[in-house]
1. So, with a 1.4 angstrom probe, what is the percent of accessible area on the chain that is carbon and sulfur?
2. Relative contact order of the chain: what whole-number percent is it, with Cα pairs under 8 angstrom and at least 6 residues apart?
3. Grab the DSSP H runs of the chain that are 4 residues or longer, score each as -39,500 (n - 2.57), total them, divide by all residues and round the 222 nm result to the nearest 500 deg cm²/dmol.
4. Checking the cross-link filter: which aspartates and glutamates have an alpha carbon closer than 19 Å to that of Lys51, excluding same-chain neighbours under 8 positions apart?
5. In whole percent, what relative contact order does region 27-73 give with Cα contacts below 8 Å and a gap of six or more residues?
6. Taking 0.36 nm per residue of sequence separation and subtracting the Cα-Cα distance, how much length would be gained by fully extending the chain between Leu142 and Asp408, in nm to one decimal?
7. What residue among Phe166, His127, Val303 has its Cα farthest toward the positive end of the dipole of the chain, where the charges are +1 on Lys, Arg and -1 on Asp, Glu, each on the Cβ?
8. For region 312-391, what is the charge dipole size about the Cα centre, in debye to the nearest 20, if Lys and Arg each add +1 at the Cβ and Asp and Glu each add -1 at the Cβ?
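The values are calculated or read from the model by the stated rules, or taken from the named source; none is laboratory data. Quick caveat: nothing in here was measured; it's all calculated off a predicted structure. We place every Cβ from the backbone using ideal geometry, glycine too, and count neighbours over all the protein chains shown. Accessible surface areas use protein heavy atoms only, side chains included; no ligands, DNA or RNA. Shrake-Rupley method; radii C 1.70, N 1.55, O 1.52, S 1.80 Å.
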Amino acid sequence: MDAIAAGAFWCPDPWAGEPATARAVFANPSRGSLPFEMLPLFYAFRSRAGKEFWVCIFSTYGRPTHVFLPEQDCLIYDYSQHLAPPVLESLLSTIEVARPILEHDCNHLPCAAEAIGLLDMQTNFGHQLINHLSGLQRLVDLGLLDQLDEIWLCGVEFFGPTETLFPETRGRIRRFRDRWAVSQELLRSPRSRLFKIGSNVFQARLRERILRKCPSASAATGREGALLAVTVRATGRRCVNLPEAVAGIFARLSPAFPGLRIVLDGWVFPESELVAGGSSVATALSPRYLQPIRNEMALAQAVADALPPGAVAGNVIGLSIRESLAHLAGIDAYLAHVGTLQHKLGFFTDAGGVVHGPTAQLQTIEGGSFLTEVGRAPLFLPPGAVEDVPVESARGTRFYDYRIRDLDAVADRLRDLIADALAAHEAERCRNRAVAPPCATSCVT
């Protein structure tokens, strides 16, 4: 944000500490060995003494993550040591392509003058909420959006066209077919004023923008009893005994909440992916999504079959994300896999929730669940409440499958959350009755 406000991407010279301004920015034209589908940005610098150095941004939030000093063969990295080798490999191959451009005219590099903001949208709506769209909201809040001449956008737009959410951006967005096409554009027209738009907190104002675009809340979430949202996950970091676990948890909660019902949550579509006139049904049946939807629906059906008849009140799998938010608006609590579905529930519903996952995720809790101005942080199960089922994964133990062993630990936490939610509803009803206006007419028998 400071760079956008200053109109230049700059950083201190590592040797003298003097401010140095980027000469140009490049990006590798291929993902290569990078572990995440995310565009690395490499900024070329030269100190006043003529020493070359590079600054890299390989993150969702837009801040520098690596500094490379070629003469010293030294890479300075942030806390992610495992990312340093693939980022350096990508940088070195980029320098081979970029150096002839930089050396064409060391003193008068012909960089395009426009100030560009880059929205590199991850295929993960949690990151879009916390990082990308929140970064755009920050620009609006700080009055900096007009500092940008264009906004380059690549990736899926989960919550619909960005111009719809942010009318302030109309006429300034340029979309790329994929993020790697951005690197080709930078080689064709070298630039120094390209700024990655990012933040690390989901804002209340952004939530308001998104909810204004959602349909009205569904009647399926009416107040006929307590509503518990349960997420299903058919691939990667799966709870292998989810149907049995949900049935056992439901049996433990039902005596306290006789009208308890379940809303199933899972795979939902980005608004930008809807086909055939915006139809969720047509999108679910399209070749690209048919198999994932079948897998999720099979698991959802297994959960429903394990529950008593009539216990399932709704199912949002296969809806668009904004449709799903409307259907989930009335839940009292949730039980969710660790990750992006929990962000959706926790950020938009104000309900309390319990989160489960593999042991490593429960032992070292990531901060994403708490990076928000609104909603509530979830309760994580203790590591001893689950048992890992090891699988082969490049992401290691944090992506193991697992089974929930301690159903009482889950039910006890949910029982308190649901009771608090129902008590809050009753208190609100009492307040509404207390302030209701007196009857305007008198009835005479």
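1. On the way: 10550 of 20070 Å².
Carbon and sulfur together cover 53 percent of it.
2. Numbers: 821 pairs, mean separation 61.7, N = 445.
The normalised contact order for the chain reaches 14 percent.
3. -9500 deg cm²/dmol
4. Cross-link targets: Asp13, Glu18, Glu71, Asp73, Glu96, Glu103, Asp105.
5. On the way: 66 pairs, mean separation 12.1, N = 47.
Relative contact order, region 27-73: 26 percent.
6. This chain segment gains 91.0 nm when fully extended.
7. Phe166
8. With Lys and Arg at +1 and Asp and Glu at -1, about 140 debye.
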